[in-house]
């Protein structure tokens, strides 16, 4: 009887469980997956809105978690944090909206900056799509889709190199070398300024 009460109390406190445990539990109790949605949906929505604008963000977020729910049996339970997995799915969903992303970046590129030349070195996770200056938007349009995915997973999703590697399914060494080249490319396009200058933690 005590054991049953303990099980109920744990189910009532999903915040005490890591993502891997929640996903494992959802295999037998699908409703448990809602706790994963509650934990990460806002973050995935912000990322989708930065890349595609607020219009498609709701649909993208819903699709990300629908795909995640359907694939949860294949989740690698050694990952206690599901964010890299969810961002990997989000990257593939965003890829289905490339045209919308291109239109958004081109529109931003045509905007007149409110304060010309003000590219400070604030933390990349505070750079929202609305704060992008036209030169940076133009620089993003010149990147390949794969380059843009990597740069924005680190800059906007605030993933470590290791997490970005998991999200994209590439070795971490590849992430490091590609990101270095990308930052050089963006700095050159911005006349030496780097809005993504702050390095993520590698933990």
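Values as computed for the structure displayed
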| quantity | calculated |
| --- | --- |
| Subset of the range 64-101 [closer than 22 Å to residue 21 by Cα, under 15 Å from the mean Cα position of the chain (by Cα) and either free of Cβ contacts under 8 Å to residues at least 60 places away in the same chain or assigned to a helix (DSSP H, G or I) (or both)] | 64, 65, 68, 83, 84, 85, 86, 87, 88, 89, 90 |
| Helices (runs of 4 or more DSSP H) lying entirely in the range 104-203 (those with 3 or more residues that are modelled with pLDDT of 85 or more) | 145-155, 161-168, 172-189 |
| Test: residue in the range 66-74 that is surrounded by 12 or more Cβ atoms within 10 Å (Cβ to Cβ), more than 22 Å from residue 165 (Cα to Cα) and modelled with pLDDT under 95 | no |
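The values are calculated or read from the model by the stated rules, or taken from the named source; none is laboratory data. Computed from a prediction, not measured in an experiment: that's the story for all the values here. For neighbour counting, all protein chains shown are included, and Cβ atoms are generated from backbone atoms with ideal geometry for every residue, glycine included.
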